[in-house]
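The values are calculated or read from the model by the stated rules, or taken from the named source; none is laboratory data. Predicted model only: the values in this text are computed from it and were never measured. As a convention, Cβ positions derive from the backbone with ideal geometry for all residues, glycine included, and neighbour counts pool all protein chains shown.
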Amino acid sequence: MSFDHRKYAPFPTIDKPDRQWPSKRIEKAPLWAAVDLRDGNQALIKPMSVAQKKRFFKLLVELGYKEIEVGFPSASQIDYDFCRALIEEDLVPDDVHIQVLSQARQELIERTFESLKGAKKAVVHIYNATSPTFREQVFNVDKEGCKAIAVKSAEWVRDAAAKQPDTEWSFQYSPETFSATETDFAIEVIDAVNEVWRPDQGQRVIINLPATVEVSTPNVFADQVELVHENIRYREHVLISVHTHDDRGCGVAAAELAVMAGADRVEGTLLGNGERTGNMDLVTAGMNLYAQGIDPEIDFSRMKEIRALVEEITEIDTHPRHPYAGDLVFTAFSGSHQDAIRKCLARYTPGDIWRVAYLPIDPHDLGRRYEEVVRINSQSGKGGVAHVLERDFGISLPRWLQQELAMVVQQDAEEDGGEITGERIHRRFNGDYLNVPAGWTLRSYDLHRADDGVRARISVGDEEGATVDVEGRGEGAMGALVDALNRRHGWQIRVEAFDEYSLGDNTEANAMACVRVQVGEQVQSAVALAADTTAAALQAILSAAGRVAASEAEQPARARA
Ligand SMILES: CC(=O)SCCNC(=O)CCNC(=O)[C@H](O)C(C)(C)COP(=O)(O)OP(=O)(O)OC[C@H]1O[C@@H](n2cnc3c(N)ncnc32)[C@H](O)[C@@H]1OP(=O)(O)O
Ligand SMILES: CC(C)C(=O)C(=O)O
């Protein structure tokens, strides 16, 4: 096996010290062109049927795309039939351009125009590759020969369009492999094509600059696009478009820098299906604008529908980490992320500028739920566990108890190795803290405040259902109960932590109390819900004491065993 980087040459950089694009900002959406039905389609294992293309086209129109490349009608009967269906069934809204691709060959161009008879608005898109590799190895032509292919095909397009004057024509030319072509030569070819089409005389012309294969870092592509933007003839009459692929994983970045460098239009596909690693992803590019407060002019609130249709038709699953669309892109498992998200969400008021840690956009905007944002596994911390209990069960815990519960949940997660659901956390919370140990149920209490504190008589239901009364004295009700239990069991209970809350009116229990006690070596915590705060506090103490007793009962048994 050979793995030797010396087999490859670095891409030459562009000497352009006056480059302008690095200090430009994108302030509005470019004109988008969706090429799913052509470039996306030609890369599929199973190309689309006419019926599938119709459904895809309908979605693209509904989302807001105004330029849609619908196929390569001279190459495939399905694409030809689809064009005819769009036109004959009047499926194209007046403000939408359908676009079709053809090689720079006369018979193919003629068939292309035939497929478009009766169209209201159409873009005829022709291409020939211009890079040295293609000139020398594929077409066996020199630069003049390569330019001649482009010019000849521009003439065929012009002449064919003149014979179908009822259609509003746009002409598009792509110097295929532009990014691997000497830029001055690409400009020479583009100028030659425009001399045929004369955009300055009213013909709508799109010059599309493809990174057919992504061969450089996006800054180099931006330099190339800026050179075209600054140097082609008739620039002000021409739309500059870019068409990037993702071979180096930078298709979106390259398109974005290209727009900063002067491109007016961007071609891509929904979720990036396309040749090899795919085309530039229209979803990511559009949502990147949205996340900067710029209207992408495309309705991505229908993300679920977009994903479902693309997956169904392409038979390609969406990666769970696909920007904006993947299952896991709005989910945090790790503790510090969850903590920050929880705090920011608690402060966020609808209408404010979105400033939530770790969430570049509000998941709600894409039809996602906050429920999926925080999920628990062994990487999670107290913030995440607390968030899940609050969000799913309306239970807010004091910080010390959040810490305790999180440790228990983490042990479960480590033993389990996977995710711990909200229900399981809730069960753990109920079992370990909220459940009243048998024989420790508060039945009633009677309190008398005197000069020396509070005297309490407390009735506790025992395991057989009988009631046991205990009496004690303390500074408050809790103190009196602690005193009573100490006397009865010979303990020295120390209340380490205590918190109580009034709950909303819509709950059966009006109060919740959380307590942690220490008895000898033992530390036990408990939570109680009750009709009032005193009852909740007393029950919490009783439950914690019940756990101490149960544990004491277990220890000798264990020792005997
Ligand atoms: C970067 C891109 O995505 S470009 C779009 C690519 N998409 C497709 O190719 C999908 C549809 N294509 C097809 O169905 C077929 O390729 C067709 C119908 C267009 C042509 O089919 P064929 O005539 O059988 O030729 P084939 O597919 O092998 O194409 C190679 C021939 O076309 C020539 N050719 C390739 N691209 C172009 C072009 N843009 N302009 C003119 N000629 C071209 C080649 O030089 C070669 O010519 P040769 O036969 O004289 O050596
Ligand atoms: C035809 C052109 C635009 C193309 O698809 C490419 O170069 O990738």
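Per-structure values
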{"item": "Check on T183, within 14 Å of ligand 2 (Cβ to nearest atom) and within 27 Å of A255 (Cβ to Cβ)", "result": "no"}
{"item": "Those residues of region 112-136 which are part of a helix (DSSP H, G or I) and surrounded by fewer than 17 Cβ atoms within 10 Å (Cβ to Cβ), in sequence order", "result": "E114, P132, T133, E136"}
{"item": "Count of residues meeting criterion [over 14 Å from Y358 (Cα atoms), small (G, A, S) and touching a residue at least 24 places away in the same chain (Cβ under 8 Å)] in region 304-347", "result": "1"}
{"item": "Test: residue in region 54-72 that is near ligand 1 (Cβ under 10 Å from one of its atoms), assigned to a loop (DSSP other than H, G, I, E, B) and under 18 Å from E267 (Cβ atoms)", "result": "yes"}
{"item": "Selection status of A456, of a type in the set (A, V, I, L, M) and either under 30 Å from A386 (Cβ atoms) or without any contact (Cβ under 8 Å) to a residue 12 or more places away in the chain (or both)", "result": "no"}
{"item": "Residue within region 114-129 that is of a type in the set (S, T, Y) and under 38 Å from the mean Cα position of the chain (by Cα) present", "result": "yes"}
{"item": "From the options S216, S241, residue that is among the hydroxyl-bearing types (S, T, Y), within 18 Å of T183 (Cβ to Cβ) and out of contact with any Phe, Trp or Tyr (no Cβ under 9 Å at 6 or more places or on another chain)", "result": "S241"}
{"item": "Complete set of residues in region 383-441 that are of a type in the set (S, T, N, Q), more than 30 Å from G461 (Cα to Cα) and surrounded by 17 or more Cβ atoms within 10 Å (Cβ to Cβ)", "result": "Q410"}
{"item": "Selected residue [within 16 Å of ligand 2 (Cβ to nearest atom) and not β-branched (V, I, T)] from D79, D166", "result": "D79"}
{"item": "Top-ranked residue in region 79-90 [being buried (at least 19 other Cβ atoms within 10 Å of the Cβ) and aliphatic (A, V, I, L, M); ranked as farthest from ligand 1 (Cβ to nearest atom)]", "result": "I87"}
{"item": "Residue in region 257-269 that is touching a helix residue (DSSP H, G or I) at 6+ places or on another chain (Cβ under 7 Å), within 16 Å of ligand 1 (Cβ to nearest atom), closer than 30 Å to M303 by Cα and not hydrophobic (A, V, I, L, M, F, W, C) present", "result": "yes"}
{"item": "Residue count for region 211-244, restricted to those that are away from ligand 1 (no atom under 16 Å from the Cβ) and in a strand (DSSP E or B)", "result": "3"}
{"item": "Leading residue by the ranking (farthest from T13 (Cα to Cα)) among those in region 217-237 that are of a type in the set (V, I, T) and surrounded by fewer than 24 Cβ atoms within 10 Å (Cβ to Cβ)", "result": "I232"}
{"item": "Residues that are within 16 Å of ligand 2 (Cβ to nearest atom) and either β-branched (V, I, T) or free of Cβ contacts under 8 Å to residues at least 12 places away in the same chain (or both), drawn from region 15-50", "result": "V35"}
{"item": "Residue match in region 91-103 (condition: within 13 Å of ligand 1 (Cβ to nearest atom), among the aliphatic types (A, V, I, L, M) and either on the phi > 0 side of the Ramachandran plot or buried (at least 23 other Cβ atoms within 10 Å of the Cβ) (or both))", "result": "yes"}
{"item": "Filter result for S74 (under 24 Å from A43 (Cα atoms) and within 16 Å of ligand 2 (Cβ to nearest atom))", "result": "yes"}
{"item": "Out of G431, G422, sole residue that is free of Cβ contacts under 8 Å to residues at least 60 places away in the same chain and in contact with a helix residue (DSSP H, G or I) (Cβ under 7 Å, 6 or more places away or on another chain)", "result": "G422"}
{"item": "Matching residues in region 245-269 - criterion: being within 14 Å of ligand 2 (Cβ to nearest atom) and either modelled with pLDDT under 95 or part of a loop (DSSP other than H, G, I, E, B) (or both)", "result": "D246, D247, A263"}
{"item": "Selection status of V388, in contact (Cβ under 8 Å) with a residue 24 or more places away in the chain, within 22 Å of the chain's Cα centre (by Cα) and under 25 Å from V515 (Cβ atoms)", "result": "yes"}
{"item": "Qualifying position, being among the β-branched types (V, I, T), crowded, with 18+ Cβ neighbours inside 10 Å and within 34 Å of the chain's Cα centre (by Cα), among V35, V61", "result": "V35"}
{"item": "Residue identified as of a type in the set (K, R) and closer than 24 Å to I207 by Cα among R276, R307, R321", "result": "R276"}
{"item": "Residues that are assigned to a helix (DSSP H, G or I) and within 16 Å of ligand 1 (Cβ to nearest atom), drawn from region 270-313", "result": "G272"}
